[in-house]
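Following: one structure in structure tokens, then a few remarks.
Rule-based calculations on the coordinates, nothing more; no lab input. What you are looking at is a predicted structure, and each value in this text was computed from that prediction instead of being measured. Every residue, glycine among them, receives a Cβ derived from its backbone with ideal geometry; neighbour counts consider all protein chains shown.
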Amino acid sequence: MADLSGRTVFITGSGGLLGSTYVRRMLAAGARVVASDLPGKRADGLKERHGEDGRFRFYELDVSDEAAVEGIFLRVMGDGWEPNVVLNNAAVTGELLTGRGQKFPDLANTSTEDFEKVMRTNLTGAFMVARQMDRHIVGRYPATLVNVASMYALRGPHHGIYDGMPFRNFAAYGVSKAGIHGLTVWLASYWADRHATVNTIAPGAVFNGHSEEFQRRVSELVMAGRMAQPDEIADVMLFLASEAAGYMTGQLVNVDGGYSAW
Ligand SMILES: NC(=O)c1ccc[n+]([C@@H]2O[C@H](COP(=O)([O-])OP(=O)(O)OC[C@H]3O[C@@H](n4cnc5c(N)ncnc54)[C@H](O)[C@@H]3O)[C@@H](O)[C@H]2O)c1
């Protein structure tokens, strides 16, 4: 198991399926965790579960809000904690849009505004967090950034698996996730002489109460023959956030049950 003692991990979108798993697992591995998310039920759940833990703090943060992102590390540091690991995990996901009762129009009916809204959170938000990291963290001490992409970052989705499902794969999702890895490789060389490493994790399809039919369709595309459990993604995220990954930078790590290897 990864040892994260000495790591202070700042996580965006911490209240979601994977973010909340990272919070729980990183606390258990000895890290101090600075969780952040939009206000609401997910944030409240996190605070209820971990609020009593002296190694846990929570900050409301909308990563698409430039003014809020600008101040975030100064606020955290002003409160006495200095993050040396940052996870760009927040994203507008299919699950999130389904939960909000949003429709998934086909491409012909997708507005530029909706496309740009997703890009703003998933890619511009990650850029703005990284820029703050550059200003306040990188160069002061060894630091690590993990950008979260997806199995759909560098490969197209099989659109057919969404037929008849309440959610679909939308263009801005994959486009933003491809961009995330572009950000990783750009930053990896930019920060190399300041002792900061940057990697991308690309999770596969994680089970979150999906129907049997959807699980069957996905499983046929995955060598492992099943969807992932959140802890299986967290196992790799913990490694990337730990000192053990110190000689890795600019890499994209697929944790997708073999989806990308066929
Ligand atoms: N679950 C999967 O199958 C899967 C697969 C591949 C990649 N991913 C990626 O992993 C990450 C986490 O996914 P998840 O499954 O936990 O998704 P999720 O929808 O459960 O959680 C996403 C979180 O991001 C937050 N968020 C959305 N917009 C935000 C904003 N503007 N500012 C701050 N926070 C915001 C949400 O509040 C939510 O807590 C995402 O980047 C997602 O794209 C997930």
Q. Tally Lys and Arg at +1 and Asp and Glu at -1 over the other residues with C-beta under 15 Å from the C-beta of Y190: what net charge comes out?
A. +1
Q.
Can you compute the modelled spin-label distance between R155 and Q215, with each label point 7 Å from Cα toward Cβ, in nm?
A. 2.1
Q) Going by average Cβ neighbours within 10 Å, how do the peptides 26-36, 223-233, 104-114 rank, with the highest at the top? A) 26-36, 223-233, 104-114
Q) Taking H as built 1.01 Å from N, whose amide H comes closer than 5 Å to the amide H of A143, not counting residues under 5 places away? A) A196, T197
Q: Sequence neighbours fewer than 8 away in the same chain don't count; with that in mind, list the lysines whose C-alpha is under 20 Å from K103.
A: K117
Q: State the extension gain, in nm to one decimal, for the chain segment bounded by A67 and F207, taking 0.36 nm per residue of separation less the distance between their alpha-carbons.
A: 46.9 nm
Q.
Expected output is a single nm value to one decimal: the length gained when fully extending between D106 and R226, i.e. 0.36 nm times separation in residues minus the C-alpha distance. What is it?
A. 40.5 nm
**Q.** Residues of type aspartates and glutamates that K177 reaches as a straight line, Cα spacing below 15 Å, ignoring anything fewer than 8 places off in the same chain
**A.** E116, D256
Q. When ranked by the protection proxy of mean other Cβ atoms within 10 Å per residue, highest first, what sequence do the peptides 169-179, 66-76 form?
A. 169-179, 66-76
Q. Once you list every other residue whose beta carbon is under 14 Å from the beta carbon of M227, what net charge do they have if Lys and Arg are +1 and Asp and Glu are -1?
A. -4
Q. Can you give the three extents of the C-alpha atoms in the chain along their principal axes, from longest to shortest, in whole Å?
A. 50, 38, 36
**Q.** Mean Cα-pair separation over length for the chain, i.e. relative contact order, pairs under 8 Å, 6 or more apart, %
**A.** 20
Q: Run through the DSSP bridge list for the chain and note the antiparallel percent, rounded to the nearest 5.
A: 0
Q | Calculated FRET value between D44 and M1, using beta carbons and R₀ = 41 Å, to 0.05 | A | 0.90
